[in-house]
Amino acid sequence: MNLNAEMLSDALREHGFQLLPGSLREIPGRGWVFAARGPGRRVVGWAGEAGFPPLIAPLLHESIPIGRYRVNLYPWIWDNYLTLRPVLSLTPRRCDWPASFGAGDRLGMASAAQIAAMRRYPVFPVLAQQSPRELARTGRDFQSVLLDAAWGVLEAGYTGPFGADADHLQEEEQLRAAAAAGYSLYTFDLRRALARGPYPWEELPALARSVVAELAGRRIETAGGSWILQESALQEAACRYAPALEDVVRWAGILRDQGIDADLEVSVDETEEETSPEAHAFIAVYLQRRGVALWSLAPRFPGIFEKAVDYEGDVTGFARAVTLHAAVARAFGGHRLSLHSGSEKFRILSIFREATVGCFHVKTSGTTWLQAVRVIARVHPGLFAELYAIARAHLEESRRDYPIALRPEDLPTALPGHPEAALADRAVRQLFHISYGVLLRERGAAIRELLERHEREHHAAVWGNLERHLEALLK
């Protein structure tokens, strides 16, 4: 006998809960699990005759009878997620697909919509993607981000694999927090380590000098010609990167000592200088010699990758650079290239896919937040205007940590008559992109309440926007 979804929905409604119908799934031999919402809370339900998992804090004194089954409801909290993680395939896993796509969710309300977009394309979805700077601005932690992403997986009825990215890590404490939560991808950001400056060549360890000797003169073949790795550029890369790479070695050792088998990415995309082929080759081979398997490298590509706007620069030059970096990746370990700040970079997404021969990782995050802002502008112009005033007053705070050319004088003092049209203004769009922290701090409750009331519009906006990115990337 199957569980009648209509009867379940009616019974839940009598107790003040709404069934999310796409979430209902059968656990063979045990019963059914589903997601539901109550006043201001997320609920996981279990229906069956027996064999209930040991979930804690039931919400009702007695189970709800539905035919031969009994239904119990529990809060969607971390301990209950941990219990259900192996039962419902809610454990983040390593990526074993050629292409992967990261979709950060700063509100923790959009993962189901992101899944709906990505499941139609041949990409591995990375859902719980947040950096420590984003966590600090949103008041979240690695556990809460993963809990929100797993809720989206449950809500969408998705049973496929997904990843969780602890993005732009720069400190051991951050790494350990993500590891404790069970993340599957760790992005090591070398900005802080590189800020210590290059070491003198004479003070580098013998290994760094031997890698330079090994690579000097190597020829890298691409469809557009060949590139010979220059010894002087390799020496410069060794002096700059070798000390910072020891941090990666140490962090990878922490994961290994804990028995964590994870994907490892190195990020140098937010450095001031473009990443040379020699620097890329040195990073890859040095880590190999130190026993670290590199899953992905995020180089600093030529051009401008500002927030909330398309790529600015020489597209042909970008294509040459990506093609060469992809050839270096294939020659030294077969890792993939990662494109950070992939949001709205429609001019280059298909170029990136072609140059990498479909082996890539692309990260987006702020574009999902901007869709929430668009919905607010459409359905509540008054709140949108209030948010704009707050964001404008806190520009200097919000632009901290984000390289962006936005200036106060670029911003209009008053919004146009049609609020949604304001987002066509580059400066306004960029302001909202970087202002999520202060806006959630000042008006987070109002933002979330409005988006919950207009969930269908919010999810449609997120879905459509990500689909536009994926079409540009994979068409």
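Scanning the range 103-115 finds no residues that are over 27 Å from residue 177 (Cβ atoms) and free of Cβ contacts under 8 Å to residues at least 60 places away in the same chain.
The range 294-387 holds helices (runs of 4 or more DSSP H) entirely within its bounds, and those carrying 3 or more residues that are closer than 22 Å to residue 94 by Cα map to 315-331. Here residue 343 does not qualify as more than 24 Å from residue 229 (Cα to Cα), modelled with pLDDT under 95, open to solvent by less than 30 Å² (accessible area, probe 1.4 Å) and of a type outside the set (D, E, K, R). Please verify whether residue 67 is surrounded by 20 or more Cβ atoms within 10 Å (Cβ to Cβ), among the small types (Gly, Ala, Ser) and over 25 Å from the mean Cα position of the chain (by Cα), treating the condition exactly as stated. In short, no. When you scan the range 235-245, do you find a residue that is crowded, with 23+ Cβ neighbours inside 10 Å, farther than 30 Å from residue 129 by Cβ and over 25 Å from the mean Cα position of the chain (by Cα), even just one? Within the range 235-245, one or more residues are crowded, with 23+ Cβ neighbours inside 10 Å, farther than 30 Å from residue 129 by Cβ and over 25 Å from the mean Cα position of the chain (by Cα). In the range 400-420, the residue that is most open to solvent (accessible area, probe 1.4 Å) out of those that are part of a helix (DSSP H, G or I) and more than 15 Å from residue 372 (Cα to Cα) is 409. Of the candidates 153, 126, the single residue that is among the β-branched types (Val, Ile, Thr) and assigned to a strand (DSSP E or B) is 126. Test residue 415 against the stated conditions and say whether it is out of contact with any Ser or Thr (no Cβ under 7 Å at 6 or more places or on another chain) and modelled with pLDDT of 95 or more. When the stated conditions are applied, residue 415 does not pass them.
Tell me yes or no: at least one residue of the range 266-273 is in a strand (DSSP E or B), under 18 Å from the mean Cα position of the chain (by Cα) and either basic (Lys, Arg) or surrounded by 24 or more Cβ atoms within 10 Å (Cβ to Cβ) (or both). Within the range 266-273, one or more residues are in a strand (DSSP E or B), under 18 Å from the mean Cα position of the chain (by Cα) and either basic (Lys, Arg) or surrounded by 24 or more Cβ atoms within 10 Å (Cβ to Cβ) (or both). Of these, 402, 436, which one is modelled with pLDDT of 95 or more and under 27 Å from residue 140 (Cα atoms)? Testing whether each residue is modelled with pLDDT of 95 or more and under 27 Å from residue 140 (Cα atoms) leaves just 436. Among the residues of the range 91-127, those identified as open to solvent by 10 Å² or more (accessible area, probe 1.4 Å) and farther than 18 Å from residue 151 by Cβ are 94, 95, 96, 97, 98, 120, 121, 122.
Quick check: anything in the range 83-90 on the phi < 0 side of the Ramachandran plot and open to solvent by 50 Å² or more (accessible area, probe 1.4 Å)? Give the steps one after another, and end with the answer.
So the first thing to find is which residues in the range 83-90 are on the phi < 0 side of the Ramachandran plot, and the list is 83-88, 90.
Next cut, open to solvent by 50 Å² or more (accessible area, probe 1.4 Å) only: 86.
Yes: the range 83-90 contains one or more residues that are on the phi < 0 side of the Ramachandran plot and open to solvent by 50 Å² or more (accessible area, probe 1.4 Å).
The values are calculated or read from the model by the stated rules, or taken from the named source; none is laboratory data. Being a predicted model, the structure only gives us computed values, none of them experimental. For neighbour counting, all protein chains shown are included, and Cβ atoms are generated from backbone atoms with ideal geometry for every residue, glycine included. The accessibility values were calculated without ligands, DNA or RNA, using every heavy atom of the protein model including side chains. Shrake-Rupley method; radii C 1.70, N 1.55, O 1.52, S 1.80 Å.
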